[in-house]
1. To test your reading of the geometry: what angle, between 0 and 90 degrees and rounded to tens, separates the Cα axis of helix 77-106 from the longest principal axis of the chain?
2. State whether the chain is rounded, prolate or oblate according to the following rule on the C-alpha gyration tensor (a ≥ b ≥ c being the square roots of its eigenvalues): a/c under 1.5 gives rounded; otherwise a/b larger than b/c gives prolate, and the remaining case gives oblate.
3. Taking the number of other C-beta atoms within 10 Å as the exposure measure, put 87, 22 in order starting with the fewest.
4. Run the numbers for residue 21 and residue 60: contour at 0.36 nm per residue of separation, minus the present Cα-Cα distance, in nm.
5. Between residue 40 and residue 102, what is 0.36 nm times their sequence separation minus the Cα-Cα distance? Round to one decimal in nm.
6. For helix 41-66, what angle does its Cα long axis make with the longest principal axis of the chain, in degrees from 0 to 90 and rounded to 10?
7. Divide by every residue of the chain the summed helix terms, -39500 (n - 2.57) for each DSSP H run of at least 4, and state the resulting mean residue ellipticity at 222 nm, rounded to the nearest 500 deg cm²/dmol.
8. Shape verdict for segment 49-107, please, from the Cα gyration tensor: rounded (a/c under 1.5), prolate (a/b greater than b/c) or oblate.
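Where a number appears in this text, it was derived from the coordinates with a stated rule and is not lab data. On a predicted model such as this, the values are computed, not experimentally measured, just so you know. Cβ coordinates were reconstructed from backbone atoms using ideal geometry, including for glycine residues, and neighbour counts include every protein chain displayed.
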């Protein structure tokens, strides 16, 4: 049983207002109810923005160094070996960071 803070009348536990004086029990709740996040929403949004930039950069590396356009292919062995690990790092690393930013915004 829940007692009214104004008239001290006993009400049911599920009641939202007093049966005797009709005072609302809802007004005693905190004005703002918010969920605490692990990181601030702005920080998670910034992480997603940077991660999306990495994905785009990885796709640009794939297109421009991969020979998918009218421009000549880069045949330098040093740059080719650099492309082999930079492209997946940017694409998959950016995708993982984007998903992590999205999850952190909800946790």
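1. Once rounded, one gets 10 degrees.
2. On the way: a/c = 6.83, a/b = 6.05, b/c = 1.13.
Here the chain falls in the prolate category.
3. Working: 87 19, 22 10.
Least to most surrounded, the residues fall as 22, 87.
4. Values: separation 39, 0.36 × 39 = 14.04 nm, distance 6.94 nm.
Value of the extension gain: 7.1 nm.
5. Working: separation 62, 0.36 × 62 = 22.32 nm, distance 1.17 nm.
Result: 21.1 nm gained on full extension.
6. Tilt of helix 41-66: around 20 degrees.
7. Mean residue ellipticity, 222 nm, calculated: -19000 deg cm²/dmol.
8. Working: a/c = 4.94, a/b = 2.57, b/c = 1.92.
Prolate is the answer for segment 49-107, as a/c is 1.5 or above and a/b outweighs b/c.
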